[in-house]
Amino acid sequence: MPHLSVQLIPPNAWQRNVRAIVAHETWNELRWRFGAARHPPLSVSLEFLSRPVPAKLQCTYCKTKHEELQLHEEWDYDDTHQVQKLVGMVPVCSQCHLAAHMGYANVMGRSDEAIKHLAKVNRWTLRQAKVHCNRAFTQWSQRILSSYTLDVDYLLKYLPKGKIHLNLLNNPKTWIGSRLDAIAWAKRLLDSDAVILDTETTGLLKESNVEVIELAVINMRGKQVYQGLFKPKYRIPASKIKIHHITNERVKSSPAFSEQWERIKRILNGRVIVAYHAEFDRGVLNRTCKLHKVENLSARWECAMWAYRYFSETGRFEKLPHGSHRAVADCRATLQLIRKMARAPV
């Protein structure tokens with residue numbers, strides 16, 4: 001078995017990988033634990049934070065040093081029982097990652113570059129590298145007619161079962177890069193069990209003490225699943241009250257975020273969550289969890305603002321149409337926008 005090998009993923013197994021079944025924060029935690037990132041994410045337990053930050057990271061295959069690396073998933077295919085089994089996760093440089101994913105390199109017109117790197121790392125001739133790639137393509141052509149069951153028990157060495165969400169494979173993530181992609185994304189969401197979330201906060205994500213003071217969740221049929229106000233640890237600034245009109249007086253008798261978190265987690269863990277500017281809502285929820293010393297949410301986020309940028313074809317990130325800076329109303333405005341995109345002619 002060569003040190004760096006080409007393994008082509010059959011089309012019926014595309015997007016059936018670790019990134020598809022764990023939350024964004026969990027993936028970043030895995031990247032750090034396996035040596036693909038120098039700094040730990042906010043979600044890492046305090047017991048691990050004493051690990052020293054390395055000056056450079058080393059690629060598993062070519063041994064070169066880098067500031068950041070890719071985390072490469074290694075899979076074993078049992079063609080008899082049709083099982084796709086995760087057997088390892090290793091940090092790799094971009095060149096080794098490209099060589100391992102030769103199908104992608106071929107599509108991108110970089111196959112010659114990838115084959116040369118494969119030969120260099122394994123100390124092969126170009127002919128030996130090409131023979132190896134041809135065998136991989138032959139194997140791939142035999143697997144495209146099969147449907148594989150995913151076995152990710154390997155992850156249980158590193159993650160609790162509650163952070164692995166195989167159900168998310170029923171909601172494959174769609175890359176949105178055009179108006180047609182945005183329409184397809186919206187149609188798929190409306191026929192799924194995804195939920196829409198919105199928050200109102202004490203400030204911006206860049207502020208260290210920012211926290212959620214209102215959170216709402218609705219489903220794709222428009223039914224309200226959760227709505228709550230929270231008493232923050234710190235006072236709500238006047239500048240933010242002018243935006244959402246949630247005063248300190250109004251929330252002084254509300255429960256603390258930590259008191260409601262278990263209920264919210266039961267609703268959201270393992271779900272696809274859609275938000276308008278998902279990066280902000282996800283980030284501020286993480287900050288609030290850290291502030292209140294509760295476990296982070298484990299879910300997959302998708303961004304309606306990103307989709308709308310391509311749907312509108314303006315090239316800009318727009319404000320939420322009909323948004324009002326109250327959580328339930330903005331959830332409904334986001335749903336209205338998704339329905340608009342789904343109904344658009346193609």
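Kindly check whether there is at least one residue in the range 55-77 that is surrounded by fewer than 13 Cβ atoms within 10 Å (Cβ to Cβ), assigned to a loop (DSSP other than H, G, I, E, B), of a type in the set (A, V, I, L, M) and out of contact with any Pro (no Cβ under 9 Å at 6 or more places or on another chain).
yes
Restricting the range 309-324 to residues that are surrounded by fewer than 15 Cβ atoms within 10 Å (Cβ to Cβ) and of a type outside the set (Gly, Ala, Ser), which is nearest to Ala344 (Cα to Cα)?
It comes out as Glu313.
If Gln224 passes every condition in (1) surrounded by 15 or more Cβ atoms within 10 Å (Cβ to Cβ); (2) modelled with pLDDT of 95 or more but one, which one does it miss?
(1) is the only condition that Gln224 fails.
How about the range 311-339: which of its residues are under 20 Å from Ile273 (Cβ atoms), of a type outside the set (Val, Ile, Thr) and not in a loop (DSSP other than H, G, I, E, B)?
Phe311, Ala327, Ala329, Asp330, Cys331, Arg332, Ala333, Leu335, Gln336, Leu337, Arg339
Kindly indicate whether any position in the range 140-149 is within 24 Å of the chain's Cα centre (by Cα) and surrounded by 15 or more Cβ atoms within 10 Å (Cβ to Cβ).
Yes, because at least one residue in the range 140-149 is within 24 Å of the chain's Cα centre (by Cα) and surrounded by 15 or more Cβ atoms within 10 Å (Cβ to Cβ).
Of the residues that sit in the range 328-342 and are under 18 Å from Asp281 (Cβ atoms) and within 23 Å of the chain's Cα centre (by Cα), which one is surrounded by the fewest Cβ atoms within 10 Å (Cβ to Cβ)?
Leu335
Looking at the range 176-207, which of its residues are over 22 Å from Arg316 (Cβ atoms), part of a loop (DSSP other than H, G, I, E, B) and in contact (Cβ under 8 Å) with a residue 40 or more places away in the chain?
Ser192, Asp193, Ala194
Scan the range 156-163 and tell me whether some residue there is more than 26 Å from Asn269 (Cα to Cα) and among the aromatic types (Phe, Trp, Tyr).
Of the residues in the range 156-163, the ones more than 26 Å from Asn269 (Cα to Cα) are none.
Checked the range 156-163: no residue is more than 26 Å from Asn269 (Cα to Cα) and among the aromatic types (Phe, Trp, Tyr).
So, in the range 251-301, how many residues would count as being in a loop (DSSP other than H, G, I, E, B), touching a strand residue (DSSP E or B) at 6+ places or on another chain (Cβ under 9 Å), crowded, with 16+ Cβ neighbours inside 10 Å and of a type outside the set (D, E, K, R)?
Summing the residues that are in a loop (DSSP other than H, G, I, E, B), touching a strand residue (DSSP E or B) at 6+ places or on another chain (Cβ under 9 Å), crowded, with 16+ Cβ neighbours inside 10 Å and of a type outside the set (D, E, K, R) in the range 251-301 gives 6.
Hey, among the residues in the range 150-194 that are surrounded by 15 or more Cβ atoms within 10 Å (Cβ to Cβ) and of a type in the set (Gly, Ala, Ser), which one's nearest to Ala333 (Cα to Cα)?
Ala186
Of the numbered conditions (1) surrounded by fewer than 21 Cβ atoms within 10 Å (Cβ to Cβ); (2) modelled with pLDDT of 95 or more, Pro345 fails exactly one; give the number of that condition.
(2)
Looking only at the range 305-313, decide whether some residue is closer than 22 Å to Lys206 by Cα and modelled with pLDDT of 95 or more.
Yes; the residues of the range 305-313 include at least one that is closer than 22 Å to Lys206 by Cα and modelled with pLDDT of 95 or more.
I'd like the full set of residues that are touching a strand residue (DSSP E or B) at 6+ places or on another chain (Cβ under 7 Å) and surrounded by fewer than 22 Cβ atoms within 10 Å (Cβ to Cβ), limited to the range 98-113.
Correct list: empty.
Within the range 100-163, considering only helices (runs of 4 or more DSSP H) that don't extend past its boundaries, which have at least 2 residues that are out of contact with any Cys (no Cβ under 7 Å at 6 or more places or on another chain) and basic (Lys, Arg)? Break it down into steps so the answer makes sense when it comes.
Values: elements: 102-107, 111-122, 126-143.
In the range 100-163, 111-122, 126-143 are the helices (runs of 4 or more DSSP H) which contain 2 or more residues that are out of contact with any Cys (no Cβ under 7 Å at 6 or more places or on another chain) and basic (Lys, Arg).
The values are calculated or read from the model by the stated rules, or taken from the named source; none is laboratory data. Predicted model only: the values in this text are computed from it and were never measured. Positions of Cβ are generated from backbone atoms using ideal geometry, with glycine treated the same way; all protein chains shown enter the neighbour counts.
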